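Just so you know, all these numbers are worked out from the coordinates, no wet-lab data involved. For clarity, every value in this text was computed on a predicted model and none was experimentally measured. Ideal geometry is used to build each Cβ from the backbone, glycine not excepted, and the neighbour counts take in all protein chains shown.
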Amino acid sequence: MPTSKPKTTRNAHAGPPALPLGLGEDVVVLKPSIKRFYGHGVPGVQPEELGGRLIVIEGADGSGRSTQIARLVDWLEGTGHATSQVGLKRSNLVSDELDEAKHRNTLSRTTISLFYATDFADQLDNVILPGLRAGYIVLADRYIYTLMARDLVRGMDPEWLKQLYGMALVPDAVFYLHVSPENLIERNFAKDFALDYWESGMDLGLSRDMFESFIEYQKRIVETFRKLRTEYEFTMVDGDRPVDAVQEELRKRISAMLKDETMV
Ligand SMILES: Nc1ncnc2c1ncn2[C@@H]1O[C@H](COP(=O)(O)OP(=O)(O)OP(=O)(O)O)[C@@H](O)[C@H]1O
Ligand SMILES: [Mg+2]
């Protein structure tokens, strides 16, 4: 009688792959990887009970995260791995309220930060941890680093943030898609015909011109990510290249990680 869920399952609803799936590749059955929290973690959760893998894709607005994640999902599901996804502001608990609060622009920096942290905690509890318990590969579209970077460029206390996000699980891999501000502007326009007020750092008063503010703000964010790298490990990926080239690098690195070879 089966006593536990299989480590890998095939999702019958996976869409057609954007790149060849690598048919003929062996299906990899995941061995447990050692999991730990950055700090205090989540009360009552033992990291040893978690299987699967947590893979984070970080990067600015329009850096290509969704494009890359959609292809990774096709590829992973096509090679026999069950996947689930999380992203910022996707929790049922506070996402609408967060939009509303940002729109009204009345909350203090600390309250906004705690709002985002609540959204993160909700997804950690309800998607990331259950997914890993079931042996899924969980793909996170951004993680605590974006939340920390946004707060750090606004002068918040690094120690306070470190404590706050001590609840987070250390991912198995973090890829930061680095894209030049000029390309980011082009991609955001291709998508929405607009720049986002917050992702342009307009609240910081860097410039009254949204383009100038966007470029200055994104430079500060990248600089902050570089500083965060001394404490948190990221793999920097050149996101200025064509979609397929970025995807190929990600697959190569993730493949090695899944097979327990060291790269990432
Ligand atoms: N490597 C690439 N080269 C050129 N264009 C790209 C590349 N990757 C994505 N794009 C295009 O850039 C736009 C933004 O891509 P995408 O939506 O994947 O980014 P994102 O990081 O998920 O954005 P958001 O922050 O808005 O969620 C889309 O129009 C997409 O087709
Ligand atoms: Mg996206």
Can you find, among ALA194, TYR136, ASN183, the residue farthest towards the positive end of the dipole of the range 57-258? Put +1 on the C-beta of Lys and Arg, -1 on that of Asp and Glu.
-> TYR136
Mind sorting ARG71, ARG154 by how few other Cβ atoms lie within 10 Å of their own Cβ, fewest first?
-> ARG154, ARG71
Mark the label point 7 Å from the Cα of ARG229 along Cα→Cβ and return the residues of the range 53-83 whose backbone N is within less than 19 Å of it.
-> 56-61, 63-65
Beta bridge orientation in the chain: antiparallel %, DSSP, nearest 5 = 5
For the pair GLU182 and ASP203, what calculated FRET efficiency results from E = 1/(1 + (r/R0)^6), where r is the Cβ-Cβ distance and R0 = 22 Å, to the nearest 0.05?
-> 0.45
Inverse of mean 1/r across different Cα pairs in the chain, Kirkwood, Å = 19.4
If you rank PHE120, PHE211, PHE234 by fewest surrounding Cβ atoms within 10 Å, what's the result?
-> PHE211, PHE234, PHE120
Taking the chain and counting helices only, DSSP H stretches of n ≥ 4 at -39,500 (n - 2.57) each over all residues, the nearest-500 ellipticity at 222 nm comes to -12500 deg cm²/dmol
Residues TRP160, TRP198, TRP75 arranged by fewest to most Cβ contacts within 10 Å | TRP160, TRP198, TRP75
Of the peptides 222-232, 185-195, how do they stack up when ordered by the mean number of other Cβ atoms within 10 Å, highest first?
-> 222-232, 185-195
For ARG226, what charge total do you get from the other residues with a beta carbon under 12 Å from its beta carbon, if Lys and Arg give +1 and Asp and Glu give -1?
-> +2
Please tell me which of these pairs span more than 28 angstrom C-alpha to C-alpha: LYS219/LYS259; LYS89/LYS227; LYS31/LYS89; LYS227/LYS252?
-> LYS219/LYS259; LYS31/LYS89
Would you work out which of VAL243, PRO47, LEU161 lies farthest towards the positive end of the dipole of the chain, given +1 charges on the beta-carbon of Lys and Arg and -1 on that of Asp and Glu, about the Cα centre?
-> PRO47
When Lys and Arg each count +1 and Asp and Glu each count -1, what net charge do the other residues less than 15 Å away from GLU159, Cβ to Cβ, add up to?
-> -1
